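The values are calculated or read from the model by the stated rules, or taken from the named source; none is laboratory data. Here the structure is a predicted model, which is why all the values come from computation and not from measurement. With ideal geometry, Cβ positions are generated from the backbone for all residues, glycine too; neighbour counts draw on all protein chains shown.
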Amino acid sequence: SKAENLKIGMLLPYSGAVAIIGEEITNALELAFEEVNYEISGRKLEIIRADTEYKPNIALKKARELIFSKKVDILAGTVSSSVALAVRDLVVSTKTPFIVANAGANQITRKKCSKYIIRVSFSNYQINAPMGPWLANYGIKTAFLLSANYAAGKEQMSAFKSTFEASGGKIVGEEYTPHRKTKDFGPYLGRIKSSGADAVYVFYAGGEAINFIKQAHSFGLADVMKITGAGWTTSPLFIPAQKKAALGFIGILNYVPSIETKENLEFQRAYKEKFGRIASEFAVQGYDTGKMIVEALKSLSGDTSNKELLAEELSKVSIIGPRGPLTIDPKTNNVIQNMYIFEVVNSANGPVLKILDKIEAVKDPGTGCSL
Amino acid sequence: MIISLQNISKSFGANNVLKNISIAIDKKECVGIIGPNGAGKSTLFKIISGSLFQDGGSIIFNDANIDKLSIEKRSRLGISQSFQSNSLFNEMTVKENIMVACSQSFKVGWELFKSLDKRTNIITKSYEIAEEVGLTEYLDFRSDNLSYGLQRQLEVGLAIANNPSLLLLDEPTAGMSNEETKNIVKMVKKLSTYYTTIIVEHDMDVIYSLAKKIYVLDSGDLIFDGTPNEVKNSKLVQERYIGIKQ
Amino acid sequence: MTTPVLEVKDLNTHYGKSHILQGINLTINRGNCLALLGRNGAGKTTTLRSIVNLTKPSSGTIKYFGKNLLNQPSYKIPSYGITLVPENRGILKTLTLEENLKIVSNKNDKDNWNIEKVLEIFPSLKSKYYNNCFDLSGGEQQMLSLARALMLNPKLILLDEPSQGLAPKIVLQIEKVLHKLLADNLSILLVEQNLKLAISLASHVSVIGKGITRWEGEKLDFVKNVDKHKEWISV
Amino acid sequence: MFITEILNALQFSMTLFLLSVGLTIVFGLMKIVNLAHGTLYMLGAYIGLSIWTFSDSFWLAFVFAPIATAILGALLYKVLFKFIQRVDPMRQVLLTFGLIYIGLDSVRLIWGSMSHSITTPELFSNPINIFGETYPTYRLFVILVGITVLLILYFVLEKTKMGAMVRASVDDHETSQMLGINTEKILFYTFSLGCGLAGLAGVTVAPIVGVEAGMDMEVLVLTLIVVVVGGPGSLKGALIGSLLIGFVDTFGKVFFPELALITIYAAMALILIFKPGGMYSRL
Amino acid sequence: MNAVQYDKKLRLQLFIILCCSAIFVNIFGDYFTRFLLSEIIILSLFAMSLDFLAGRGGMISLGHAMFLGIGAYSTAILFINFNIDPFLCSLLAVVIGLIIGYLIGFIIVKTDGIFFIMITLALGEMFHSWAYTNDFLGGSDGISGILRPKLLGMDLNEPLFFSYYLLILLILVYAFLAAVTDSPLGRNLDAIRQNSGRVLSLGGSVKLYKSASFGISAAIASLAGSLYAQLNGFVSPEISHWTVSGEGLIMIIVGGIGSLSGAILGAVVVHIIQHEFSKLVDWWMLLMGGGFILVVLFLKEGLWGLILKFKNYIIENK
Ligand SMILES: Nc1ncnc2c1ncn2[C@@H]1O[C@H](COP(=O)(O)OP(=O)(O)OP(=O)(O)O)[C@@H](O)[C@H]1O
Ligand SMILES: Nc1ncnc2c1ncn2[C@@H]1O[C@H](COP(=O)(O)OP(=O)(O)OP(=O)(O)O)[C@@H](O)[C@H]1O
Ligand SMILES: [Mg+2]
Ligand SMILES: [Mg+2]
C-alpha cells in the first residue's frame, strides 16, 4: 500500500506586514527538504502552510485545523511569542511535536516547557545575556535601553540589563516605545542623546529597525555614543534599506551571514541561487528546523505513529547547521548554540556584518522548567 | 394663566433678535404671533420649547419657573411644538412616526419587551391623530415619500401626538393648499378647545379665524397686541407687516 | 406665431414603480406667467423637477424655444436660461450668504442682475451678508433663493411656492418684483397655493390633479368658472 | 534638547497636516468616508520608491508620485466612488475597507514583503546646527512642504470660488446644478486632489519613516484623529488638529513615555467630549 | 446610516434556518468543524451586538472589541486569580460589560456620526494599549489556562457540548434582541437614528435611550468575549484591537445592517470565506477586498437584501 505523507504544518504569518519572516522560514525549510527530495523512508514530506496573520487567536484556530483536520505529524513555526504561547496548551494536550522556529519568549522553555515543544531558534535571554559582560569588557560603562513596549522587547532588555549590571555596567535610562506603532524616533533620540550614556542598547525589528537606524544616523547619535543591541536591528533583511546609516552598529545574534564555515557558505549559496537574496537569521532557523525534522524522521525510518517517541527523537538530534553546532538542551528543550558579536562595516557591496567575537555553546538557564 | 414670558431677550452676536418680550397666556387660549420675516418668532418658540436658552428674563409655566429645564423635560410637562421646517422620521411610515411620538406621552419609551406594534392603546391613539391631521389614507406611506403639504400635516400630527397642554405651531399651513389649510384650521380650532395654542402664521386669514389675541413682533420688539379686529385696523401693523397694496 | 418659451407635451414620470405624472401638458409664451395649480401631492413639484431633469421623466417632450430639453444634464439647464427655485428653497447651508450668491457664475453685463442689484430689491439680505445660512429665517431664505436665481439672468424661472412662509408685506414686494420681471419679458412657471398671488401674476392657468393636466386656459376663463375646478383645487 | 523637540513636533505636525488635509477635503467636503486614504499614502511612498530606484532621483519621485496617486484616485473615483457618493456611510466604509485589503496585498505582490526605505536626497543629507543642536535638514524640508501646501490650499479653497463650489456640490447637489455648477466634475477633481495629497505625504515622509506594507493603517488612524479633532472639512481645523496632535504626541513621549500609546487617544476623547463636533467644524 | 426595513417573519425564518444548519453541522462535523462552529457562533453574538447598536441606534462603534476584551479578561482573571466557576465568570462578565458599557455610553453618546466612531475607537485603542503593556493582564502574551464550565453534569470542554451550549445562548440573545428591537425602546432608537432632535422635542430621553442600548450591546459583546476566552483557553490583547471591531462591522454590513439574522449570516459568510481564502492563497486579502466592493456595488442591503429580493420574487411568481 502507498504510504501516507509525512505532514509538517507550518504555523507562520504569510500575509500582512510580517509575512516576510514567514516567507524566509518556509523558503529555507523547503531547501532542507529538497536535499532529501522530500522523501524519507518511502514517505513523502508534505508542507502544509497555515497563515497565522500574526494573531494568536487565528493561529490557534489554524493549529486546531492542522492537528485535527489535516492530521499533521509535526507542527513548526510561529514568529510571535504570543502565538507560540497561545498554541502551547493545545500541542501539549494533543501530544503534537511542535518545533519553535522563531518565537523567543523565555517561558516557552522555562515555566511553560514541555517535552513536545522543541525550540531550535533562541530564547530572548540566551541572545542578549552574553552581550552584558562583552560590552562591559569593551569599555562601555553606562548604557541606555531602548526597545518596543511588548513582552519580547522587555525580556531582551532585562536579559542584557541583568548581565551588564552584574559586570559592573550601569543603566542610565530606559525607554519602551509603542510596539509596531512608532515611526518617528525623534522624540526619543533627543533624550537618549542628552543622557550621556556610553552606548544605547536597542532591539527592534522590521520597519521600526530601519527607521530607528536611519533616524539615529540623521540625528548624529553615533557621534556621541555607541549604538549597540540585539542583532535583528541590523538584520540582512533590513540592511539594504538602512544602507550606510547602519555602519558602526555592534550587535549580537545567533547567526550572521558572514560565518565562514562550509555549511554556511553552502547554505548561503543555495539560498541565493533559489531566492535571489542573502539568507537572514530567520531563514537559517527555518533551515535548521527542516534539518532536525529530517534527521529525526530518518532515525525513526519515517514512523510517526508514536508521537512521544517522535518528540523525544527530535530533541535528541544534533546537527551542524549554518550557524554552527546545534544541540537541544535536555533540561529545557531549548537549543544550545553559538552567539556572534558583530559590527556593521562597509564593504564593496555595501554594509556587511563583520564578526568581532564568537561565544560558544550558549544555553538558556531554563529556570522553572521540568520536562 | 398657563405660561408667562417675562422680559425675554435673546441675541445672536450683535443681532438682538428678541428685546424684553413679555407675554402672558391664559389656559385654553389661542394666541397668534405675527411679524415680518426675521422678527424673532421662531426664536421665541425655540426659547419656550427649550431648544434655545434666553439671555435674560424668565419663563413661568403652570406657576413653575422652567428656565433651566431641558427640551425633553419641558416636553414632558406638556410643551409641544411643530417646526417651521419639517422634522420627521424619514425612514418610517406615517403610522410609525405617530406611534413613536405617542410612545413618549404614554411614557413607555424605555420599555424593553412588549412590542410597540402590539400596544392597542397607542395604535388607537395614532389612528385618531392621523384622522385629525387628515392622513388616514397615507398611514403606510414612508414619510419622505409624501408631498410637502402632506409632510406639513404630519409635522402637526407629531406635535399633537405628544398630548400637549401648550401647543406651539410654527407656520402650520405654510405650503398647504386651501383645502388642507381649511382642515388644519378646523383641527386647530378643535384642539384649541382643550389645549392652549400659540400659532405663528403668515396667512392672515388663518390667524384671524383662529386667534383670540394677536401679538405682533418686529425686529425683536413687541409692537402691538390686540384682537384680530384691532390688528386689522392698526396702521402700524399694516405698515410694518401686512403692507399696502398699490 | 412665435415659438413658445416652454412647451411640455404628455409628460410622464415615475418614482420607482409609482406613476406620478401621467400626462402633463403646458405651454408658456414669452413674458407670460403660467400658474400651475393643484392640491398637495398633485404632482406640481414633480412637474417642475421633471422639466429640469432632476427627476428623470419616463416619456414625453419638453421643448424650450423649440429645443429639446429631455435628457439634458441638469447642470447645463441654467446655461440655457432656465432655473428652478425649489420649494425647500435650496439654501446651501454650509455656505455664507455671500458665497451662496457668489458661486453663481454670471456675466457682468450692466443690464444684468448682479449682487448689488439683487441686494437692492431684497435689502433685508444685506445685514446677513457674511452670515452662515443655516440660521436665516424662513423669509430670508426665500429671498436669498430668489435673488440667487435672478443672478443667473434666466429667461424662464420655475418658481415652486415662492410666497410660502413669507410675511404679507414681503409677498407684496415679491409680487412687485415678479411683475417687473414679467414686464422685462421674463417668463415664469409658477406653482403657488396662494391663489390671489397666482391670479395676480398669471396670464394663463393650468390645473393638475393626480398627475394629469385637467384644464389649461386663460386666466380670465379660469376666474370666471372657478367652481368648475372644485374637484382639483379648492378655492 | 528643547529646540529639537519643538522641531520634531512641528515636523510631525506637518506630516500629519499633509495627510489629513487630503482626507479632510474628501471626507469633510465630499462626505465620503475614505478609509483608503492611508492606502493612497502608502502607494505614494511605494511609487516614489520605484521612481527613485529607477531614476536615482528623489526629486522625480517627489513630483511624479503625487501625480500618479492623483491619477489613481481619479480612476477610483470613476469606477467606484462615483457610485457611492450619496449612499449610507457604512457602505462607503465597507468599500474603502475593501480597497485597504486590496492595497495591502497588491503592494506585497508588486513590491514584495520587505521593508524599504528611500535615501534622503543629497541636498539634505547633512544635519544642520540649530542653536547648538544637530537637526536633520530633511525634517526642516518636510516642515516647508507642509507650509507650502497649506498656503496654496488656503488660497484655492478660501480665496477663490472653488471651495464654496465644492461645498455647495456636496451640500445640495440638486440646487448646485440648478445654479449651473457641474457637481460631478467638481467632485471628481476634488477627490483626485485629495488622493494626490495623500501620495505627496507618502513620498515626502518616505525618507524618514520608510516604506513598508502596513504603513497605511498606522497613519489612517492618526489622520482620522486629526481630521475629527480639527473638525472635518475645515482647512483651519486640519492645521490646528495636526499641530495639537503633533505636539501632544511628541511632548507626551518626552515627558510621559509610559503613556505614549494613549496620549493622543486621550486627547481626542477629551476634546470630543467637550466639543462633540471637533474644534472648527464646518457643519 | 440606513438600517434595513424590518420584516419580522423573514428575520425569524432566516434565524431558524441558520440554527438548524448549525445543529446539522454539529452532529455530522468533526472536531475542527465543531470548533469552527463555536467560533462562528461567538462572532455572531458579537456581530449581533454591533448590529443592534448600529442598526437600531445608529451608533457605529469602532471600539466595540474593547467589550470583547473586557469580557474575556474579566473571565480570565476571575477564573485564574479568583478561582470562580467558569459559568459564573461568564455571568459576571455580562454584568461588568453592562455596567462599564452604560457608564461609557453615558459620557459618549452625545457625540454623533464620525465623532462617535472616533471616540469609540479612541477608547478601544486605549484599552488595547493598556492590556498590551499591563503585566497583570499578561501584557502582549496574554493569559492562558482558562477552562470552560461544567453544566448539568456535562463537561463543556467537550466540543460537541460546548457548541450546543453556545447555540442556546445565541438563541436567547437573539430572542432578547428581537424583542428589544420591536419594543418601544427599539423604535425610539430607530427614531433617534433618523432624527434625534425630534425625539428630544417629543420628550424622549435621547441620552438615556442611547446609553441604555450601548450598555445592552456592550453586555452582549462582553458575553461573546467571555465565551471566546473559554473557547480558546486563553486571551491576548489582539481580541480588543480596533480591526476586530472593524471586522465585526464588515460582517454586519455584508449581512445587512439592522436585521439581526443578517448579522449572523454576515458573520458566517465572512468568517468562512476568510478562513477558506487564507488557505487557498497568500493574497487572500485581495480577494476579500474585491468581495467587499462587489457587495457594496451590487448588494445594496447586503445578503439580507438579497434574501428579501428572493422572497419577493417567489411571492410575485406565485
Ligand atoms: N442660531 C442662530 N444664530 C444666529 N442668528 C440666528 C439664529 N437663529 C436665528 N437667527 C436670526 O435671528 C433672526 C430671527 O429669526 P427667526 O427664525 O426667529 O425669525 P422668524 O420671525 O421666525 O422669521 P420667519 O417668519 O421668516 O420664519 C433672523 O434674523 C435670523 O437670521
Ligand atoms: N421621492 C419620492 N418617492 C416616491 N413618491 C414620491 C416622491 N416624491 C413625491 N412623491 C409622491 O408624488 C406625488 C406628487 O408629489 P409632488 O411633490 O409633486 O406634489 P405637489 O403637487 O408638489 O404637492 P405639494 O403642494 O404638497 O408640494 C405625491 O403623492 C408624493 O407622495
Ligand atoms: Mg420662523
Ligand atoms: Mg410641491
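Laid out as a table, the results:
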{"read-out": "Options B:Lys107, B:Lys114; residue that is more than 24 Å from the chain's Cα centre (by Cα) and not small (Gly, Ala, Ser)", "value": "B:Lys114"}
{"read-out": "Hits in the range E:27-57 (condition: more than 10 Å from every other protein chain (Cβ to nearest Cβ) and either basic (Lys, Arg) or over 21 Å from E:Val270 (Cα atoms) (or both))", "value": "E:Ile27, E:Phe28, E:Arg56, E:Gly57"}
{"read-out": "Single residue of the range C:152-172 satisfying the filter (in contact with a helix residue (DSSP H, G or I) (Cβ under 8 Å, 6 or more places away or on another chain) and under 18 Å from C:Glu120 (Cβ atoms)) that is farthest from ligand 1 (Cβ to nearest atom)", "value": "C:Leu152"}
{"read-out": "Test set (1) touching a Leu at 6+ places or on another chain (Cβ under 7 Å); (2) within 14 Å of chain B (Cβ to nearest Cβ) - C:Pro86 fails condition number", "value": "(1)"}
{"read-out": "Hey, B:Phe53 surrounded by fewer than 22 Cβ atoms within 10 Å (Cβ to Cβ), modelled with pLDDT under 90 and out of contact with any Phe, Trp or Tyr (no Cβ under 9 Å at 6 or more places or on another chain) or not", "value": "no"}
{"read-out": "Enumerated helices (runs of 4 or more DSSP H) restricted to the range D:180-283, each holding at least 2 residues that are acidic (Asp, Glu) and away from every other protein chain (no Cβ under 12 Å)", "value": "none"}
{"read-out": "Residue that is within 16 Å of ligand 3 (Cβ to nearest atom) and in contact with a strand residue (DSSP E or B) (Cβ under 9 Å, 6 or more places away or on another chain), where the choices are C:Asn88, C:Asn29, C:Asn68", "value": "C:Asn88"}
{"read-out": "Matching residues, the range B:10-29, being farther than 15 Å from B:Leu52 by Cβ and crowded, with 22+ Cβ neighbours inside 10 Å", "value": "none"}
{"read-out": "Qualifying helices (runs of 4 or more DSSP H) (wholly inside the range C:122-214; at least 3 residues being at the interface with chain B (Cβ under 9 Å from one of its Cβ atoms), within 16 Å of ligand 3 (Cβ to nearest atom) and more than 29 Å from C:His229 (Cα to Cα))", "value": "C:138-151"}
{"read-out": "Failed condition for B:Leu88, given (1) without any contact (Cβ under 8 Å) to a residue 12 or more places away in the chain; (2) within 16 Å of ligand 2 (Cβ to nearest atom)", "value": "(1)"}
{"read-out": "Condition check for B:Leu154: within 16 Å of ligand 3 (Cβ to nearest atom), within 14 Å of chain C (Cβ to nearest Cβ) and buried (at least 24 other Cβ atoms within 10 Å of the Cβ)", "value": "no"}
{"read-out": "Candidates B:Ala64, B:Ala39, B:Ala24, B:Ala14, filtered to the one that is assigned by TED's automatic domain parsing to the domain that holds B:Val188, hydrophobic (A, V, I, L, M, F, W, C) and near ligand 1 (Cβ under 8 Å from one of its atoms)", "value": "B:Ala39"}
{"read-out": "Check on B:Leu169, within 15 Å of the chain's Cα centre (by Cα) and within 16 Å of ligand 3 (Cβ to nearest atom)", "value": "yes"}
{"read-out": "Qualifying residue in the range D:73-85 (condition: closer than 26 Å to A:Ser218 by Cα, within 12 Å of another protein chain (Cβ to nearest Cβ) and out of contact with any strand residue (DSSP E or B) (no Cβ under 7 Å at 6 or more places or on another chain))", "value": "no"}
{"read-out": "Residue in the range C:62-79 that is in contact (Cβ under 8 Å) with a residue 24 or more places away in the chain, closer than 21 Å to C:Gly16 by Cβ and of a type in the set (Ser, Thr, Tyr) present", "value": "no"}
{"read-out": "Hits in the range D:122-180 (condition: within 19 Å of the chain's Cα centre (by Cα) and aromatic (Phe, Trp, Tyr))", "value": "D:Tyr138, D:Phe141, D:Tyr154, D:Phe155"}
{"read-out": "Any chance B:Leu112 is among the aliphatic types (A, V, I, L, M), away from ligand 4 (no atom under 16 Å from the Cβ) and not assigned by TED's automatic domain parsing to the domain that holds B:Gly13", "value": "yes"}
{"read-out": "Test: B:Tyr208 is away from ligand 2 (no atom under 16 Å from the Cβ) and either crowded, with 21+ Cβ neighbours inside 10 Å or within 14 Å of chain C (Cβ to nearest Cβ) (or both)", "value": "yes"}
{"read-out": "Any hit, the range B:71-78, residues being within 16 Å of ligand 1 (Cβ to nearest atom) and either assigned by TED's automatic domain parsing to the domain that holds B:Thr173 or not in a strand (DSSP E or B) (or both)", "value": "yes"}
{"read-out": "Every residue from the range C:46-68 that is buried (at least 19 other Cβ atoms within 10 Å of the Cβ) and out of contact with any helix residue (DSSP H, G or I) (no Cβ under 7 Å at 6 or more places or on another chain)", "value": "C:Thr46, C:Thr47, C:Leu48, C:Arg49, C:Ser50, C:Ile51"}
{"read-out": "Residue list for the range D:88-113, filter: more than 8 Å from chain E (Cβ to nearest Cβ) and without any contact (Cβ under 8 Å) to a residue 12 or more places away in the chain", "value": "D:Gly112"}
{"read-out": "Conditions (1) part of a loop (DSSP other than H, G, I, E, B); (2) surrounded by fewer than 22 Cβ atoms within 10 Å (Cβ to Cβ): number failed by B:Asn7", "value": "(1)"}
{"read-out": "Sole exception among (1) more than 19 Å from D:Gly180 (Cα to Cα); (2) at pLDDT 85 or above; (3) away from ligand 2 (no atom under 16 Å from the Cβ) for C:Ser58, by number", "value": "(3)"}
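Condition check ((1) away from ligand 3 (no atom under 16 Å from the Cβ); (2) touching a helix residue (DSSP H, G or I) at 6+ places or on another chain (Cβ under 8 Å); (3) more than 27 Å from B:Asn20 (Cβ to Cβ)) across all residues:
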| position | (1), (2), (3) |
| --- | --- |
| B:Leu158 | yes, yes, yes |
| B:Ile199 | no, yes, no |
| B:Ser209 | yes, yes, yes |
| B:Lys213 | yes, no, no |
| B:Phe224 | yes, yes, no |
| B:Val231 | yes, yes, no |
| B:Gly243 | yes, yes, no |
